[in-house]
Amino acid sequence: MSSPSKLYENSEVGGGTMKISVRTGKRLEKISKEALAEPDKFWADQARNLIWFKEWNHILEWNSPFARWFVGGTLNASVNCLDRHINTDTKNKAAIIWESESGETRTLSYFQLYRQVNKFANVLKSLGVSKGDRVTIYMPMVPEMPIAMLACARIGAIHSVVFSGFSAQALIDRANDAKSKVIITADGGIRKGRLVELKKVVDESLPSLPSVEHVIVLERAGNKVNTGPKDLWWHELMEGAKIYCPPEPVESTHPLYILYTSGTTGKPKGVMHGTGGYLTHLYSTAKWVFDFTNQDIFFCTADIGWVTGHSYIVYAPLMHGITEIMYEGAPDFPKPNRYWAIVEKHGATILYTTPTALRMYMKYDDDGVVSNSFDLSSLRLLGTVGEPINPKVWMWYFKRIGNENCPIVDTWWQTETGGTMLSMCTGIETIPMKPGSATFPVPGVDAVVVDETGKPVEPGTKGYIVIRKPWPGMFLSLWGNDEKYRQTYWTKFPGLYYAGDYALVDEEGYLWLLGRADDVLKVAGHRLGTMELESAFVSHKAIAEAAVTGKPDETKGESIIAFLVPKEGFSDYENLRKEVVAHIRSTLGPIAVPNEVYFVSKLPKTRSGKIMRRLLKSISSGDKIGDITTLEDEAAIDEVRQAYEDLKKMVNS
Ligand code: ATP
Ligand code: MG
């Protein structure tokens with residue numbers, strides 16, 4: 001088998017063509033060493049970058065597995081994002097440049113955002129919302145969404161954002177779990193040119209939501225909606241609202257929000273984050289990873305319905321007082337070039353996006369036809385998050401989008417971790433990159449790869465990534481379910497945080513994420529990561545996307561099944577199948593040769609864009625399909641099932 005570091009040797013990064021000057025990593029090593037020697041002191045120094053009403057008495061109370069950071073301290077998240085800039089030159093700077101799918105834009109300065117947040121906080125107060133109450137936010141990607149979140153934070157209410165692509169059942173489950181008092185929504189959102197009728201979904205859900213007293217509706221799409229006794233219009237409430245709302249000083253450990261995970265591996269979990277630790281983690285990691293400067297225009301393409309949007313659209317960039325772009329719409333509508341058009345139009349300096357979006361764009365970019373038609377020269381840094389990035393996709397991103405001038409930060413983290421845990425830290429030093437490696441833990445994070453017994457593995461050996469010490473962005477628990485929190489994250493390796501991902505460390509200490517631990521295949525005694533296999537498929541010129549799963553096999557233990565999405569224009573599936581098998585044999589070896597290869601036009605993905613391999617496994621092994629509330633497109637499942645059954649018929653006839 002080829003090791004990931006082999007991929008690095010084969011690539012050109014760090015070779016003659018690279019225009020980025022890189023350093024040795026000694027500075028990072030020194031900072032990380034000092035941080036891990038005295039993590040409490042290190043994080044307390046970081047926490048001093050925030051604005052506190054009262055400093056903490058204890059840096060960390062660690063009653064395993066519950067961590068409480070900066071106990072006794074009080075602060076307010078909206079003060080840290082807004083008030084801190086209001087008496088500085090940042091006051092009149094653009095905070096959010098919003099762009100719609102059709103190219104409409106709106107810009108809000110820090111002062112304008114501050115005003116709106118204060119007024120909306122008073123609106124919530126006037127409706128009886130107070131500290132600790134839960135507010136469900138079910139809104140399109142417009143500036144009023146962060147305004148609503150920050151207004152909750154200002155009065156100490158706990159926001160629970162529900163992704164606007166979800167339908168009634170998902171909204172009901174989440175709002176009932178949180179027992180929300182208020183729902184904030186809009187008359188509609190726009191995606192792929194179509195109206196998303198959010199208010200209608202809320203109307204449908206309301207009879208099943210006994211805790212909800214009020215529904216606040218933003219006029220956004222000019223859509224006529226029904227109004228019932230609980231409905232109130234955003235603009236009417238704002239008209240009479242006072243312009244200043246004193247911020248509520250909350251304890252550092254006070255929950256800032258609840259957010260449900262993507263549901264890639266099973267039923268989504270209600271992750272609960274605190275305030276002081278979470279903000280400290282975000283403030284520091286944003287500085288280290290992205291090296292924010294005053295001139296930056298940061299474009300994070302995530303939806304605020306997911307944690308990347310919470311952390312790197314709302315809290316981190318605003319704390320740093322930078323200008324950011326917020327985009328409402330699909331990456332490929334009306335044309336598969338929206339991100340590039342937005343980078344060019346607004347002069348984005350940092351782009352932070354997902355491998356799934358990059359694979360989509362790459363599919364349309366033969367010989368750079370799309371990427372070359374935009375001026376992307378404003379970019380200085382590229383980022384990726386959400387899934388392992390295939391080395392071939394990494395190289396395309398590096399060359400075509402970054403023009404070999406931009407380092408790539410591959411940031412590994414989770415809803416549960418709050419902020420980045422593994423990534424190159426360009427704010428500390430840019431080190432040699434390896435396509436597909438998230439490099440090293442950020443300072444103060446004690447991440448290691450362990451074997452089945454919890455012992456650190458030798459370099460080159462695959463294992464599980466775990467975190468040995470509490471970190472400030474660590475979630476408080478799962479909402480209302482401490483037992484599940486314990487069970488899910490702390491029982492596999494007592495005392496170690498189990499992240500559920502498979503990884504290895506190479507000879508030089510670089511970390512490589514190899515996919516979900518649940519997805520690991522055991523073929524003839526070898527443990528194969530789905531990531532490594534999928535990257536090998538995608539490295540074939542005709543393959544745009546790949547998902548690999550296993551199936552019980554009498555002789556080999558497990559056999560490999562591949563679902564492949566060919567690039568546009570490839571349709572001779574019989575030949576392609578042979579070619580792909582030969583390609584795998586020559587790149588990874590006979591052990592990795594798939595037993596079954598299916599061609600499909602799309603893969604089942606979560607609404608956050610991640611491949612749901614567990615569904616493929618259920619189909620191929622005839623098991624019941626589990627929770628699919630976060631599945632993006634049910635048609636993908638039907639297609640996979642059809643492809644599977646067609647081939648079975650062919651084989652049997
Ligand atoms: P669920 O926990 O409900 O199955 P999820 O894990 O997809 O959903 P998130 O918290 O949104 O929900 O995603 C975190 C996961 O995303 C990580 O555990 C990891 O598998 C994957 N991930 C995120 N960033 C990276 C990265 N840079 N490289 C590899 N994998 C990544
Ligand atoms: Mg997860």
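Specify the residue that is nearest to the chain's Cα centre (by Cα); the eligible residues are those in region 539-556 that are without any contact (Cβ under 8 Å) to a residue 60 or more places away in the chain and either under 21 Å from ARG527 (Cα atoms) or not assigned by TED's automatic domain parsing to the domain that holds PRO604 (or both).
Initially, region 539-556 is screened for residues without any contact (Cβ under 8 Å) to a residue 60 or more places away in the chain, giving 540-543, 546, 553-556.
Add one more test, that the residue is either under 21 Å from ARG527 (Cα atoms) or not assigned by TED's automatic domain parsing to the domain that holds PRO604 (or both), and what stays is 546, 553-556.
Numbers: ALA546: 20, ASP553: 35, GLU554: 38, THR555: 39, LYS556: 35 Å.
Once the filter is applied, the top-ranked residue is ALA546.
Checking every residue in region 367-375 against the condition of being in contact with a strand residue (DSSP E or B) (Cβ under 9 Å, 6 or more places away or on another chain) and either in the same structural domain as SER535 (by TED's automatic domain parsing) or in a helix (DSSP H, G or I) (or both) gives zero matches.
Would you please name the residue that is farthest from LEU150 (Cα to Cα), looking only at residues in region 324-335 that are surrounded by fewer than 24 Cβ atoms within 10 Å (Cβ to Cβ) and in contact (Cβ under 8 Å) with a residue 24 or more places away in the chain?
PRO334
When the helices (runs of 4 or more DSSP H) confined to region 75-194 are screened for residues that are open to solvent by 10 Å² or more (accessible area, probe 1.4 Å), those reaching at least 3 such residues are found at 110-126, 168-178. Looking only at residues in region 384-408 that are more than 9 Å from ligand 1 (Cβ to nearest atom) and among the hydrophobic types (A, V, I, L, M, F, W, C), the one that is nearest to GLY473 (Cα to Cα) is ILE408. Taken together, the criteria place SER437 among residues that are modelled with pLDDT of 95 or more and farther than 30 Å from ILE59 by Cβ. Filtering region 557-564 for residues that are β-branched (Val, Ile, Thr), touching a residue at least 12 places away in the same chain (Cβ under 8 Å), closer than 17 Å to THR356 by Cβ and surrounded by 16 or more Cβ atoms within 10 Å (Cβ to Cβ) leaves an empty set.
Looking only at region 395-412, decide whether some residue is within 16 Å of ligand 2 (Cβ to nearest atom), among the aromatic types (Phe, Trp, Tyr), within 17 Å of the chain's Cα centre (by Cα) and in a loop (DSSP other than H, G, I, E, B). So far as region 395-412 goes, no, none of its residues is within 16 Å of ligand 2 (Cβ to nearest atom), among the aromatic types (Phe, Trp, Tyr), within 17 Å of the chain's Cα centre (by Cα) and in a loop (DSSP other than H, G, I, E, B). Just one of the numbered conditions (1) buried (at least 23 other Cβ atoms within 10 Å of the Cβ); (2) not assigned by TED's automatic domain parsing to the domain that holds TRP43 is not true of GLY473: (2).
Of the residues GLY460, GLY515, which single one is in a strand (DSSP E or B) and either of a type outside the set (Ser, Thr, Tyr) or not assigned by TED's automatic domain parsing to the domain that holds ALA35 (or both)?
Working: GLY460 fails: in a strand (DSSP E or B).
From the options GLY460, GLY515, the qualifying one is GLY515.
The set of residues in region 432-458 being in contact with a strand residue (DSSP E or B) (Cβ under 7 Å, 6 or more places away or on another chain), surrounded by 19 or more Cβ atoms within 10 Å (Cβ to Cβ) and over 28 Å from GLY276 (Cβ atoms) consists of MET433, GLY436, SER437, VAL449, VAL450. Considering only residues in region 263-311 that are assigned to a helix (DSSP H, G or I) and of a type in the set (Val, Ile, Thr), the one that is nearest to ligand 1 (Cβ to nearest atom) turns out to be VAL307.
Out of THR265, THR253, THR227, THR261, report the one residue that is open to solvent by 40 Å² or more (accessible area, probe 1.4 Å) and under 30 Å from THR356 (Cα atoms). Even if it seems obvious, please write down each step before you answer.
Details: THR253 fails: under 30 Å from THR356 (Cα atoms); THR227 fails: under 30 Å from THR356 (Cα atoms); THR261 fails: open to solvent by 40 Å² or more (accessible area, probe 1.4 Å).
After ruling out the rest, the residue left standing is THR265.
For region 623-639, state whether one or more residues are surrounded by 14 or more Cβ atoms within 10 Å (Cβ to Cβ), without any contact (Cβ under 8 Å) to a residue 40 or more places away in the chain, out of contact with any Gly (no Cβ under 9 Å at 6 or more places or on another chain) and not hydrophobic (A, V, I, L, M, F, W, C). Yes; the residues of region 623-639 include at least one that is surrounded by 14 or more Cβ atoms within 10 Å (Cβ to Cβ), without any contact (Cβ under 8 Å) to a residue 40 or more places away in the chain, out of contact with any Gly (no Cβ under 9 Å at 6 or more places or on another chain) and not hydrophobic (A, V, I, L, M, F, W, C). Residues in region 545-556 that are closer than 21 Å to SER586 by Cα and either open to solvent by less than 10 Å² (accessible area, probe 1.4 Å) or polar (S, T, N, Q) (or both): how many? The number of residues fulfilling the criteria is 5.
The values are calculated or read from the model by the stated rules, or taken from the named source; none is laboratory data. As the structure is a prediction and not an experimental result, all values here were calculated from the model. Heads up, the Cβs are rebuilt from the backbone with ideal geometry, glycines too, and the neighbour counts pull from every protein chain shown. Keep in mind that these areas ignore ligands, DNA and RNA; they rest on the heavy atoms of the full protein, side chains included. Shrake-Rupley method; radii C 1.70, N 1.55, O 1.52, S 1.80 Å.
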